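Take a look at the structure set out below.
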Amino acid sequence: MDDLLTRHDTRPALLLPDGSGITYAQLARESDQVAKGLAAVGAGPRSTVVVAMPNGPGFLAAFLGCRTVGAIFAPVPPALTPTEFERVMRVSAPHIVIAHPDSRVLRSPVLREGTLIDGPPGTQWVRSPARDDQPEVGADDALVLFTSGSTGDPKGVRLTAGNLRAGIQAVLGTTGLGPADKSVALLPWTHGHGLIGQLLSSVAAGASVVVPGTPNLVESGVFTCSPTWLTTVPPQLSVLCESAAAAQNPLPALRFIRTASAPLTTGLARRVEMVFDCPVAEAYGMTETSHQAAANAPDYGRRRLGTVGRPTGVQVRTGPSGELEVRGDALFTGYLGRADLTARALNADGWYRTGDIAEIAPDGYVKLLGRSSELINRGGFKISPVEVEEALAAHPGVLDCLATAVDDPVFGQDVAVLVVLGDPAPAVRELKAHCREHLSAHKQPARIRPVAALPKLANGKPSRRLAASMFDEG
């Protein structure tokens, strides 16, 4: 990282809403301040630093400062509630907390026992009280990213410096990013997609990232700053397409759009390619694979719609039940303090069970069929929600959709779908007739409900669980 910051010293690393920029040289100076502050309080290898900062220079400086001293960077959304933050603290037992002064986490009672220490301007530093039950971490651990756990407590995914290098190289090898590239931060950097798939890959390439001053996609500057590429999630693609109608010659410099973190329907992909006149490349991975495990190349000749592309730097296979398994240098070392969960996720030979049901074509392209836990069991028939979504998304009046399982007194489960409709909006009966033409009888949705937007998790992924709860509410 030091070499990269020096090599690109005069180039803008981050471009801010007021038109100013942070060069790589300025970023090096800011991260050096963080590193000196961490070293002064004894933070180094095996020290965990929880960072609650919004996208921006302070976030990136904190990451680089942690890497300089060898500390473990553990980012969390600054808008976490005190209860949510206490769960993070319980799992991670950090040595230091670095937060934006306006962050809600600073109101958490757990920090009242900590000690305020001086930090760089625009940040609040708290030294956490020592704990006897520190979770085991490795000397090479570089990053902990938190994902949802079934018990309510988040799972801390441990990634080493080697994992990060492999993850970044996978993205760069697919996208071919360089110093002339520019993107817009449409996703939070507290998750793997935004952090590894965009920010760190851009830094490694010497590229620039525009940091919007608003979470509003239309007002983010995406249509005015001439990005050369974007990486985002399918729900945002739908909004971009709708917003592009009001923009003349939208995004003329765009070379490609990359999407990950949620399934992309073929219908939406074709619509995006038509609106923006550039290829859409779907990638696949999860936090445990350092973000990317497979990807389509961002060109029309090699991208294959309906698949997530070929493996990128990892091995893949399907198990007896069709579950996709991954092994390679990008694979995480385990869950923080949860050896039991790690043993369930990783087998003795180092293969990670993704929980996704997939098919692998002879030429290596991977097609996802759904989550093993999300397959809809309708009277013994196992139905892929992705297949249902693909069928509905092919209707020209459907902008986006999300299929889920709902309880049924006869079949146990049945298929229900939330749909975001265009203008003019088709009637539900028309959509059901469309499904009858494209799906076998047992796969056809019993219920279709139009909504203004799909329910999403904090990381931007559509949530089938929240979708099911909307049907439960009537």
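Here are some notes:
- Residue count for segment 249-306, restricted to those that are of a type in the set (Ser, Thr, Tyr) and on the phi > 0 side of the Ramachandran plot: 2
- Here Arg270 fulfils each of the conditions (1) at pLDDT 85 or above; (2) buried (at least 19 other Cβ atoms within 10 Å of the Cβ) apart from (2).
- Here Val398, Val417, Val386 are screened, and the one residue that is in contact with an Asp or Glu (Cβ under 8 Å, 6 or more places away or on another chain), surrounded by 19 or more Cβ atoms within 10 Å (Cβ to Cβ), of a type in the set (A, V, I, L, M, F, W, C) and not assigned by TED's automatic domain parsing to the domain that holds Leu268 is Val417.
Every residue, every condition in (1) among the polar types (S, T, N, Q); (2) more than 21 Å from Val314 (Cβ to Cβ); (3) out of contact with any Leu (no Cβ under 9 Å at 6 or more places or on another chain); (4) buried (at least 24 other Cβ atoms within 10 Å of the Cβ), yes or no:
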{"site": "Thr160", "(1), (2), (3), (4)": "yes, no, no, no"}
{"site": "Ala170", "(1), (2), (3), (4)": "no, no, yes, yes"}
{"site": "Asp181", "(1), (2), (3), (4)": "no, yes, yes, no"}
{"site": "Pro188", "(1), (2), (3), (4)": "no, yes, no, no"}
{"site": "Ile196", "(1), (2), (3), (4)": "no, no, no, yes"}
{"site": "Ser202", "(1), (2), (3), (4)": "yes, yes, no, yes"}
{"site": "Asn216", "(1), (2), (3), (4)": "yes, yes, yes, no"}
{"site": "Glu219", "(1), (2), (3), (4)": "no, yes, yes, no"}
{"site": "Cys225", "(1), (2), (3), (4)": "no, yes, no, no"}
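- Within segment 306-322, the set of residues being in a loop (DSSP other than H, G, I, E, B), under 17 Å from Ile357 (Cα atoms) and in contact (Cβ under 8 Å) with a residue 24 or more places away in the chain comprises Gly306, Thr307, Val308, Gly309, Gly319, Ser321, Gly322.
- Sole exception among (1) more than 24 Å from Gln134 (Cα to Cα); (2) free of Cβ contacts under 8 Å to residues at least 12 places away in the same chain for Arg112, by number: (1)
- Among the residues of this structure, Ala93 does not count as one that is closer than 26 Å to Ala458 by Cα and under 22 Å from the mean Cα position of the chain (by Cα).
- Some residue of segment 348-370 being basic (Lys, Arg), touching a residue at least 12 places away in the same chain (Cβ under 8 Å) and closer than 18 Å to Ser463 by Cα: no
- Segment 96-110, residues that are crowded, with 21+ Cβ neighbours inside 10 Å and at pLDDT 95 or above: Ile96, Val97, Ile98, Ala99
- Test result for Ala427, more than 23 Å from the chain's Cα centre (by Cα), aliphatic (A, V, I, L, M), modelled with pLDDT of 95 or more and outside the structural domain of Gly285 (by TED's automatic domain parsing): yes
- When residues of segment 111-144 are limited to those that are within 29 Å of the chain's Cα centre (by Cα) and among the β-branched types (Val, Ile, Thr), the one surrounded by the most Cβ atoms within 10 Å (Cβ to Cβ): Val144
- The selection criterion, being modelled with pLDDT under 90 and under 26 Å from Leu143 (Cβ atoms), holds for Pro215.
- Complete set of residues in segment 145-194 that are among the polar types (S, T, N, Q) and either in a helix (DSSP H, G or I) or in contact (Cβ under 8 Å) with a residue 12 or more places away in the chain (or both): Thr147, Ser148, Thr160, Asn163, Gln169, Thr174, Thr175, Ser183, Thr190
The values are calculated or read from the model by the stated rules, or taken from the named source; none is laboratory data. All values derive from a computational prediction rather than experimental measurement. Neighbour counts run over all protein chains shown; Cβ positions are idealised from the backbone, glycine included.
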